[in-house]
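Working notes, beginning with the structure itself.
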Amino acid sequence: MTHTLPHSPSTVEGAAESRYPADRLLEDVTKLFVHAGLAADKAGTVASTLLDADMMGHATHGLVLVPWYLEAIESGSLAHAGEIEVVSDRGACVAWNGHRLPGAWLIHRAIDLSLERIAEHGVFTITIAGAHHTGALATYLPRLTSRGLMPILSCSGPASSGVAPFGGMRPLFTPNPLAAGIPTSQDPMLLDISSSITTNNRARQLASEGRRFPGAWAIDAEGHATDDPVAAVQDGGSLLPVGGLDHGHKGYGMALLVEALTQGLSGLGRNSRPKGVVMNVFLQVIDPAAFGGTDAFVTETTWLADACRDNPPRPGVRKVRVPGEQAMVLHRAAQKHGVPLSAGTIAALADRLRAAGLPVPTPL
């Protein structure tokens with residue numbers, strides 16, 4: 001079972017883009033969510049998370065999802081009201097059930113709690129079962145790295161599938177991303193990687209455009225490697241784990257780890273057979289001050305980031321970057337010069353704004 005997200009028009013080759021002021025977009029989208037019935041604090045948090053995704057270059061997880069979120073609110077699949085259920089609380093270890101409340105709001109509440117407790121415990125860990133959609137994990141990391149903390153964040157969808165275990169043919173896992181933020185003396189290193197080569201949404205997008213994967217990123221229903229996204233998302237095939245047919249045991253192992261962290265520890269997983277849009281989350285926050293010291297940590301991570309950047313680039317590569325480097329550059333540019341949105345994204349947003357009696361933002 002999979003839940004289908006809309007394709008991002010901004011990733012279509014040749015799609016026109018214009019830039020819009022970030023503060024205006026945040027205000028407008030927040031009002032849209034409130035108009036649909038979402039509480040103001042939740043509306044603002046979800047809008048900010050989607051906007052940050054666009055600002056960091058993750059257009060597939062950005063404002064293109066606003067109509068889908070509005071439909072989820074209107075249908076009731078996303079709970080617009082309710083409280084977090086505390087399943088367990090041992091101080092440094094907490095488990096929640098989110099009862100289909102917005103994933104972005106739940107994760108930020110978990111970050112709030114981690115900031116309250118990290119000084120006492122040094123390491124704080126929380127799981128969230130039953131959240132709604134979480135969005136791009138990289139968007140959450142700077143809130144913690146800016147305070148010198150190292151977050152490890154992961155999620156999975158126990159009601160969804162799309163990736164077969166290594167050696168298998170039947171989809172079982174979601175792409176199961178694992179993200180981490182590593183503070184340095186400059187921009188943090190931001191990891192946000194999936195255990196599969198690509199995602200279901202990207203495969204559906206390519207299939208709808210009549211395009212193919214750059215390589216054999218999937219298998220068909222008979223288990224043969226293919227570059228045809230249709231075989232993976234429409235004809236009974238599967239996406240391949242990271243490493244593909246040769247070394248897919250690596251992505252497979254990562255998927256198993258994420259499932260154990262997000263579903264095993266939360267106590268609600270595939271074995272419970274949940275339905276609809278369900279996301280489980282694992283967040284661990286580490287304070288370097290509780291170990292070898294913050295200064296020593298930053299000295300090492302800064303040296304490492306610089307050593308990567310100073311590494312001679314191979315032919316065809318302009319320079320070596322560290323994870324998250326481009327995202328932070330793009331975010332600053334979007335804050336200064338406006339958020340780039342495709343014509344399709346802004347058109348869908350404008351339709352919803354007009355229907356709600358709200359003004360449509362004009363490009364810069």
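The values are calculated or read from the model by the stated rules, or taken from the named source; none is laboratory data. Note that the structure is a prediction, hence the values are computed from the model and not measured. Don't worry about glycine lacking a Cβ; one is built from the backbone with ideal geometry, like all the others, and counts go over all protein chains shown.
General remarks:
- Tally of residues being over 20 Å from residue 39 (Cβ atoms), among the small types (Gly, Ala, Ser) and part of a loop (DSSP other than H, G, I, E, B) across region 85-107: 2
- Selection count where residues are within 21 Å of residue 137 (Cβ to Cβ), free of Cβ contacts under 8 Å to residues at least 24 places away in the same chain and of a type in the set (D, E, K, R), scope region 15-51: 0
- Residue match in region 313-323 (condition: within 20 Å of the chain's Cα centre (by Cα) and outside the structural domain of residue 56 (by TED's automatic domain parsing)): yes
- Taking residues in region 108-136 that are farther than 24 Å from residue 47 by Cβ and crowded, with 21+ Cβ neighbours inside 10 Å, and partners anywhere that are at pLDDT below 95 and not basic (Lys, Arg), the pairs with Cβ atoms closer than 6 Å and at least 6 places apart or on different chains are 129/268.
- Residue 284 vs. criteria of a type outside the set (Lys, Arg), in contact (Cβ under 8 Å) with a residue 24 or more places away in the chain, outside any loop (DSSP other than H, G, I, E, B) and within 30 Å of residue 94 (Cβ to Cβ): yes
- Residue 281 meets all of the listed conditions (1) of a type in the set (A, V, I, L, M, F, W, C); (2) surrounded by fewer than 16 Cβ atoms within 10 Å (Cβ to Cβ); (3) in contact with a Cys (Cβ under 7 Å, 6 or more places away or on another chain) but one, namely (2).
- Close pairs from region 143-162: first touching a residue at least 24 places away in the same chain (Cβ under 8 Å) and more than 17 Å from residue 105 (Cα to Cα), partner assigned to a loop (DSSP other than H, G, I, E, B) and basic (Lys, Arg), Cβ under 9 Å, at least 6 apart: 158/273; 159/273; 159/275; 161/170
- Single condition residue 180 does not satisfy, out of (1) in contact (Cβ under 8 Å) with a residue 60 or more places away in the chain; (2) closer than 30 Å to residue 289 by Cα: (1)
- Test: residue 151 is under 17 Å from the mean Cα position of the chain (by Cα), in a loop (DSSP other than H, G, I, E, B) and either over 23 Å from residue 250 (Cα atoms) or at pLDDT 95 or above (or both): no
- Considered as a group, the residues in region 318-350 that are free of Cβ contacts under 8 Å to residues at least 12 places away in the same chain and farther than 20 Å from residue 53 by Cα include one that is surrounded by the most Cβ atoms within 10 Å (Cβ to Cβ), and that residue is 319.
- Some residue of region 287-302 being within 28 Å of residue 86 (Cα to Cα) and crowded, with 18+ Cβ neighbours inside 10 Å: yes
- Scanning region 308-349 for residues that are farther than 23 Å from residue 181 by Cα and in a loop (DSSP other than H, G, I, E, B) returns 312, 313, 314, 315, 316, 317, 318, 338.
- Checking each residue in region 52-84 for being without any contact (Cβ under 8 Å) to a residue 12 or more places away in the chain, assigned to a helix (DSSP H, G or I) and either in the same structural domain as residue 134 (by TED's automatic domain parsing) or among the small types (Gly, Ala, Ser) (or both) picks out only 75.
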